[in-house]
Amino acid sequence: MSASISLTHNKYYSWCRNNLFSSWINGIITILSIYFIYEVSSFFLNWTIFEADFVNNFRGEKITDRTFCSKNIEPGQHGACWAIIIVRFHQFVYGFYPVEEAWRVNLVYGLLPFALVGIFFDNLPFRKYFIYFTFLFPFIGYFLLYGGAGLDVVGTSKWGGLLVTLFLGVTGILLAFPLSIILALGRRSKMPVIKTICIIFIEFIRGVPLITLLFTANVMLPLFLPDGVRPDNLLRALVAVTLFQSAYMAEAIRGGLQAIPKGQLEAAQSLGLTYWQSTRKIILPQALKISIPPIVNTCIGLFKDTSLVLIIGLFDLLGVGRAAVSDIDWAKLHYEVYVFISLVFFIFCFGMSRYSLYLEKKLKTDNS
Amino acid sequence: MTEQVIQLEKVNKWYDDFHVLKDIDLFVEKGQRIVICGPSGSGKSTMIRCINRLEAHQKGKIVVHGTELTNDLKNIDLIRKNVGMVFQQFNLFPHLSVLDNIALAPIWVKKMPKKEAEEIAMSYLEKVKIPEQAEKFPGQLSGGQQQRVAIARSLAMNPDIMLFDEPTSALDPEMIKEVLDVMIQLAEEGMTMLVVTHEMGFAKTVADQMIFMDEGRIVEQAKPDEFFNNPKSDRTKLFLSQILNH
Amino acid sequence: MSNSFLRKLIFDEKIRSLVVQTLIIGIFALIIYLITQQTAYNLEKRGIGTGFGFLNMSAGYDISIRLIPYTSESTHFRAYLVGLINTLMISICGCFLATILGFLVGIIRLSSNWLFRNIAYVYVEFTRNVPVLLQIILYYTILLYLPKIKQALVLFDTFYITNRGIYSPAPIFKDGFSIVAWSFVVAIIFSIFLKKYLKKKQEKSGNQYPIFYINSALIIFTPIIFYYIMDMPLDFDHPILKGFNFKGGMVVRPEFMGMLLGLSIYTAAFISETVRSGIISVSKGQREASQALGLKNNLVLRLIVIPQALRVIIPPLTSQYLNLTKNSSLGIAIGYADLVHGFGGISLNQTGKAIEIMSMVMVTYLTISLTISLFMNIYNKSVQFKGNA
């Protein structure tokens, strides 16, 4: 008796009833969905894991080029040939960076979380010191990567893969941030000249595709500068990316500024605080807090957009991938490379968007 | 002769085409408590907001404590240091604790050392009777408590003049008294106060001058006795009948 | 004397802001002057003149995808026009597809079926977190694996699907076709007036007329009737396999298809989120109130939910359209001949006139962006709730 009651009142059963089989149509959709998921995931899992080669092919031979891949020896029978990723792993992560110096890049990768953690987490002990490190990090990072006193110089043309993607993304965001605050404040300024300049800049950058800015930086920058000053390609791209990001971030911050009630500024002013004091201590802290979710969204967009630099000949992660696919030894292993790169981007971007959701929830509960 | 701390002479203000203050003449002596009332849109808030330059007047002269209020930023800063303002919406800073709210201006405007500023802040918190809330944040306080913190915040700058812009209009009825009590105490200590309010009970207790404004003009100005019992203008009579009868 | 003047300069609010602004204008003017000087010097050194005369010179390269006549003899300006049309074409098609797909997925995300809506969720999250360039390249790569021409996949005996494109019959418009086209236009205009007239009648009498069905029938059947009246003035030029290629007919290139798939699928993911939050934003109370009044479900949707949801959806939807249009510039990566690829890429490399060409390209995109924003603002103002502070 109690068994039959517990079946109908079982929470799993009632969940299934409500969410999967609440009506005839729903039931059919559920069955079709299950079938669809089964087909897709079994195909995908087979291809990526169960029937795939990693280091050796199905005969046990080490895979040194495409012809050794199982699917080339026995077409139609086997899955992905991941050897291309494994063999060329160094290129994907470091580009053409000399292997002996790779420890420097590893050091930068290792320090990166420490540089970012100060921005992301409010309740960190000794947060102040982490933030100082955040501002020092670009210089430390650049020195480690490029070289100079004591370290061998590794020109930016040798950087590639994930290194370039992270370099452009992180440095672009860090440099764009102060610029975007100035733009956002300037756009709300009462002085018409400042306001107009900021509006023109922001609307111009937001109205053109990033690729045109990259072309402009690439082709026009040498024309603007005197002879002898030849900024290298990566830095030109960095300039374009930074300006691009600053305009979008400025709009996100402007949203936050608009949400602050006018009374805050009035209260601060009536206490005798100057404009800059009020902005710095009262308005900006509140505005930035509110704007962090849209700011993180612009950062996700930027991270994805760094892939555009392959069009101007720089070898970011996607660029390295494309080069790998055109390599005669490994030609036509498109799907392996693209799936791998998609996965890397997905991990970073999805992680950032999860963080942004976490922040939004936290802000809601903070403010209620 | 008690000195005049605020002088408004023929002050006029326009919002675009709308003439919001018309030939305002107002003279406030030290220690006076002036209550300003009138229908909404009469310009009462605008008038007191002109005194600390939250709004700018286009014609006429405003002099506060001997300093004339013009476009000169140094003068504006000086006046704001000496004039405190309490808002209808409290306008506490939500991201700072109560204590930090009060200590902020003394630290950054008067350049006081932090410890000293915090001691002063605590003393004013005690004065408004909520010292135990020092570490809380504004969002955690009731409306009446928030407004009292706002008063303490202005007092911490040691102003000579306090302006109140409808300080109790946004409060639930049961919290109005605690704020009015603080204001009465201030009045008894001799603070020069300009209060825009609808609280006529408070006005009768504390005011030594009543001002009625309508459509941008000061229609009547008199001592409370005369004002309530023997108003001269018809408009004043109408307003009083509306406000005193519910 | 000079003391108080100086004091005014620094401390008077109005004068200070004037001084600051004049200084800023001055600094900008100086920077612009320096840059112009340097650029002129550099251009001279490299023997590149300035000026837009190059637009009249022959471009010397071919463009494979084009809607207007173009040969390698055509001028650079013509190349610009071809590129512009290609950009507009892919953007319009992309926005159209993305909207349909986006709305569908958005509604699926609100389904009561847990499995169904989470499949859509997986699609949205994967698509949004991978760069659009990668997706475009991926789809293009897949399209290149379609069968070769000799082993073309045949659809309905008329369409040939190959890795060089989809070959389909090209319409040939004979003499009477313009009348059919005009009949279509007239039917649309008539249906607008009919709708107004029927609505007035409905308001007067309370009778409900199936306006939607009447108008749809009108718009669909009128041109069809005229088509037969005019003796079927439409012929088709079928693609015929001759040797290694198809002759005749028209072809949709894999570059175009790759861009279309990449752009639409990517943008649809973002649109679906916009649609979903727009519909959610219409509070439950609205639905409940209208149901309590006795309105049937489809009317609740049509009269209450969708108008309010649209107000919230349109602004971000427009910015997604803008993003798609800007992303069309990625065509250069797979060889789609958009504005940046041909004019901005090849013409620029050949003539070296970087400044002129890049300015033209950027101004073109700016104009498109500002036009779309303008229309959005006009629409937004017209649907604002009266009384919003």
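The set of residues in region C:183-201 that are among the aliphatic types (A, V, I, L, M) and open to solvent by 50 Å² or more (accessible area, probe 1.4 Å) comprises C:Val185, C:Val186, C:Ile188, C:Ile189, C:Ile192. If I filter region C:168-182 for residues that are open to solvent by 70 Å² or more (accessible area, probe 1.4 Å) and assigned to a helix (DSSP H, G or I), do I get at least one hit? Yes, the conditions are met somewhere in region C:168-182. Pairing each residue of region A:241-264 that is assigned by TED's automatic domain parsing to the domain that holds A:Lys289 and over 30 Å from B:Phe90 (Cβ atoms) with any residue that is in a helix (DSSP H, G or I) and open to solvent by 50 Å² or more (accessible area, probe 1.4 Å), provided the two are 6+ apart or on different chains, yields C-beta distances under 7 Å for A:Thr242/A:Leu175; A:Ser246/A:Leu179; A:Ala247/A:Phe201; A:Ala247/A:Arg206; A:Tyr248/A:Arg206; A:Met249/A:Phe177. Pairs meeting the criteria (first residue in region C:116-135 and more than 9 Å from chain A (Cβ to nearest Cβ), second residue among the aromatic types (Phe, Trp, Tyr) and part of a helix (DSSP H, G or I), beta carbons under 7 Å, at least 6 apart or on different chains) are C:Thr127/C:Tyr266.
Looking across region B:77-109, the residues that are more than 8 Å from chain A (Cβ to nearest Cβ), under 13 Å from A:Leu271 (Cβ atoms), free of Cβ contacts under 8 Å to residues at least 60 places away in the same chain and not polar (S, T, N, Q) come down to B:Ile79, B:Leu96, B:Asp100, B:Ile102, B:Ala103, B:Pro106, B:Ile107. Here the condition is being without any contact (Cβ under 8 Å) to a residue 24 or more places away in the chain, within 23 Å of C:Leu299 (Cβ to Cβ) and surrounded by 15 or more Cβ atoms within 10 Å (Cβ to Cβ); of C:Tyr213, C:Tyr209, it holds for C:Tyr209 alone. Please tell me if A:Ala217 is facing another protein chain (nearest Cβ under 9 Å) and either closer than 23 Å to B:Leu104 by Cβ or at pLDDT below 90 (or both). So A:Ala217 fails the test. Taking first residues from region A:16-40 that are at the interface with chain C (Cβ under 7 Å from one of its Cβ atoms) and partners that are open to solvent by 70 Å² or more (accessible area, probe 1.4 Å) and assigned to a helix (DSSP H, G or I), the Cβ contacts under 7 Å between residues at least 6 apart in sequence or on separate chains come to A:Asn19/C:Trp114; A:Leu20/C:Trp114. Contact annotation: residue pairs with Cβ atoms under 6 Å, 6 or more positions apart or on different chains, pairing a residue in region A:45-65 that is part of a loop (DSSP other than H, G, I, E, B) with a partner that is of a type in the set (Gly, Ala, Ser), are A:Glu51/A:Gly79; A:Ala52/A:Gly79; A:Ala52/A:Ala80; A:Asn57/A:Ser70; A:Phe58/A:Ser70; A:Ile63/A:Ala83. When B:Val63, B:Val86 are screened for being open to solvent by 10 Å² or more (accessible area, probe 1.4 Å), touching a strand residue (DSSP E or B) at 6+ places or on another chain (Cβ under 6 Å) and hydrophobic (A, V, I, L, M, F, W, C), only B:Val63 passes.
Which is open to solvent by less than 40 Å² (accessible area, probe 1.4 Å), on the phi < 0 side of the Ramachandran plot, modelled with pLDDT under 90 and among the hydrophobic types (A, V, I, L, M, F, W, C), of A:Ile312, A:Ile283? Walk me through it before giving the result.
Values: A:Ile283 fails: modelled with pLDDT under 90.
On inspection, the qualifying residue turns out to be A:Ile312.
State yes or no: is A:Gly79 part of a loop (DSSP other than H, G, I, E, B) and on the phi > 0 side of the Ramachandran plot? In short, no.
Is it true that some residue in region A:172-179 is loosely packed, with under 15 Cβ neighbours inside 10 Å, closer than 20 Å to C:Ile24 by Cα and in the same structural domain as A:Glu101 (by TED's automatic domain parsing)? Yes: region A:172-179 contains one or more residues that are loosely packed, with under 15 Cβ neighbours inside 10 Å, closer than 20 Å to C:Ile24 by Cα and in the same structural domain as A:Glu101 (by TED's automatic domain parsing).
Looking for something more than 25 Å from C:Gly258 (Cβ to Cβ) and open to solvent by 100 Å² or more (accessible area, probe 1.4 Å) - is there at least one such residue anywhere in region C:72-95? Checked against the condition, which is being more than 25 Å from C:Gly258 (Cβ to Cβ) and open to solvent by 100 Å² or more (accessible area, probe 1.4 Å), region C:72-95 yields at least one hit. Can you pull out every residue in region A:234-259 that is out of contact with any Leu (no Cβ under 9 Å at 6 or more places or on another chain) and within 14 Å of chain B (Cβ to nearest Cβ)? Hit for region A:234-259 is A:Ala259, nothing else.
Checked against (1) free of Cβ contacts under 8 Å to residues at least 12 places away in the same chain; (2) over 17 Å from C:Val252 (Cα atoms); (3) away from every other protein chain (no Cβ under 14 Å), C:Leu155 passes all but a single condition, namely (2).
Check C:Ile271 against each of (1) open to solvent by 60 Å² or more (accessible area, probe 1.4 Å); (2) more than 14 Å from chain A (Cβ to nearest Cβ) and name the one condition it does not meet. Going through the list (1) open to solvent by 60 Å² or more (accessible area, probe 1.4 Å); (2) more than 14 Å from chain A (Cβ to nearest Cβ), C:Ile271 breaks only (1). Tell me, please, whether a residue that is of a type in the set (Val, Ile, Thr), open to solvent by less than 10 Å² (accessible area, probe 1.4 Å), more than 28 Å from B:Ser97 (Cα to Cα) and over 13 Å from the mean Cα position of the chain (by Cα) can be found in region B:190-202. No, because not a single residue in region B:190-202 is of a type in the set (Val, Ile, Thr), open to solvent by less than 10 Å² (accessible area, probe 1.4 Å), more than 28 Å from B:Ser97 (Cα to Cα) and over 13 Å from the mean Cα position of the chain (by Cα).
Looking only at residues of region A:339-368 that are away from chain C (no Cβ under 14 Å) and open to solvent by less than 40 Å² (accessible area, probe 1.4 Å), we find that the one that is nearest to the chain's Cα centre (by Cα) is A:Leu359.
Results for (1) buried (at least 16 other Cβ atoms within 10 Å of the Cβ); (2) in contact (Cβ under 8 Å) with a residue 60 or more places away in the chain, shown as yes or no for each residue.
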position: B:Val128; (1), (2): yes, no
position: B:Ser142; (1), (2): no, no
position: B:Arg148; (1), (2): yes, no
position: B:Arg153; (1), (2): yes, yes
position: B:Asn158; (1), (2): no, no
position: B:Ala170; (1), (2): no, yes
position: B:Leu186; (1), (2): yes, no
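Can you name every residue in region B:48-60 that is away from chain C (no Cβ under 14 Å) and surrounded by 16 or more Cβ atoms within 10 Å (Cβ to Cβ)?
First, the residues of region B:48-60 that are away from chain C (no Cβ under 14 Å): B:48-52, B:59-60.
B:Ile48, B:Arg49, B:Cys50, B:Ile51, B:Asn52, B:Gly60, listed by residue number.
Which residues, taken from region A:132-162, are in contact (Cβ under 8 Å) with a residue 60 or more places away in the chain and either within 17 Å of A:Asn106 (Cα to Cα) or exposed (fewer than 13 other Cβ atoms within 10 Å of the Cβ) (or both)?
Residues satisfying the conditions are A:Gly155, A:Thr156, A:Lys158, A:Trp159, A:Gly160, A:Gly161, A:Leu162.
Residues in region C:47-56: is at least one in contact with a helix residue (DSSP H, G or I) (Cβ under 8 Å, 6 or more places away or on another chain), loosely packed, with under 14 Cβ neighbours inside 10 Å, more than 14 Å from chain A (Cβ to nearest Cβ) and not in a helix (DSSP H, G or I)? Yes, region C:47-56 has at least one match. Among residues of region A:66-104 being β-branched (Val, Ile, Thr) and more than 20 Å from A:Val339 (Cα to Cα), the one that is surrounded by the most Cβ atoms within 10 Å (Cβ to Cβ) is A:Ile73. Total residues in region A:201-223 satisfying the condition of being β-branched (Val, Ile, Thr) and open to solvent by 10 Å² or more (accessible area, probe 1.4 Å): the figure is 2.
Could you list, in sequence order, the residues of region C:1-30 that are of a type outside the set (A, V, I, L, M) and either within 12 Å of chain A (Cβ to nearest Cβ) or within 16 Å of B:Ile76 (Cα to Cα) (or both)? Break it down into steps so the answer makes sense when it comes.
Step one: list which residues in region C:1-30 are of a type outside the set (A, V, I, L, M), which gives C:2-5, C:7-8, C:11-14, C:16-17, C:21-22, C:26, C:28.
Matches in region C:1-30: C:Arg7, C:Lys8, C:Phe11, C:Asp12, C:Glu13, C:Lys14, C:Arg16, C:Ser17, C:Gln21, C:Thr22, C:Gly26, C:Phe28.
The values are calculated or read from the model by the stated rules, or taken from the named source; none is laboratory data. Please read these numbers as outputs of a predicted model, since none were measured by experiment. Because the Cβ atoms are built from the backbone with ideal geometry, glycine has one as well, and the counts that use them run over all protein chains shown. The protein model used for the area step is the full one, side chains on, heavy atoms only, and it has no ligands, DNA or RNA in it. Shrake-Rupley method; radii C 1.70, N 1.55, O 1.52, S 1.80 Å.
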